[in-house]
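**Q** Before anything else, here's the structure in question.
The values are calculated or read from the model by the stated rules, or taken from the named source; none is laboratory data. Values in this document were obtained by computation on a predicted structure and should not be read as measured data. Every residue, glycine among them, receives a Cβ derived from its backbone with ideal geometry; neighbour counts consider all protein chains shown. Side chains are part of the model used for accessible areas, which takes the heavy atoms of the whole protein and leaves out ligands, DNA and RNA. Shrake-Rupley method; radii C 1.70, N 1.55, O 1.52, S 1.80 Å.
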Amino acid sequence: MGCRFCNTSVFKEKIGRCKTCMWQLTILSLISWPLWFCFYYEQPLVVESIALLFFCVSFSGLLLLHLLVWGYRHFILGERELK
């Protein structure tokens, strides 16, 4: 996912540093999981359910990766600056 606020396009330089990307992933995760539970929880083998579940897991997984790297950089390496 590209962010218009980041200066670099190198993925490992952006991960855990881009506050805008982390907020976007948080909002997308908070929207997509309730949608899946409300509409597709009882029909998990429908194509729409699988597609939405794939997006939910992708958003949440990338957010988790961002937060893990942020925690590592913030607490272990001592970087204090976020964009």
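**Q** From LEU35, LEU45, LEU53, LEU65, which residue is open to solvent by 50 Å² or more (accessible area, probe 1.4 Å) and closer than 30 Å to GLY78 by Cβ?
**A** Sole residue among the options that is open to solvent by 50 Å² or more (accessible area, probe 1.4 Å) and closer than 30 Å to GLY78 by Cβ: LEU65.
**Q** Does LEU30 fit the bill of being modelled with pLDDT of 85 or more, under 16 Å from PHE59 (Cα atoms) and either under 13 Å from the mean Cα position of the chain (by Cα) or small (Gly, Ala, Ser) (or both)?
**A** Judged against the criteria, LEU30 is a match.
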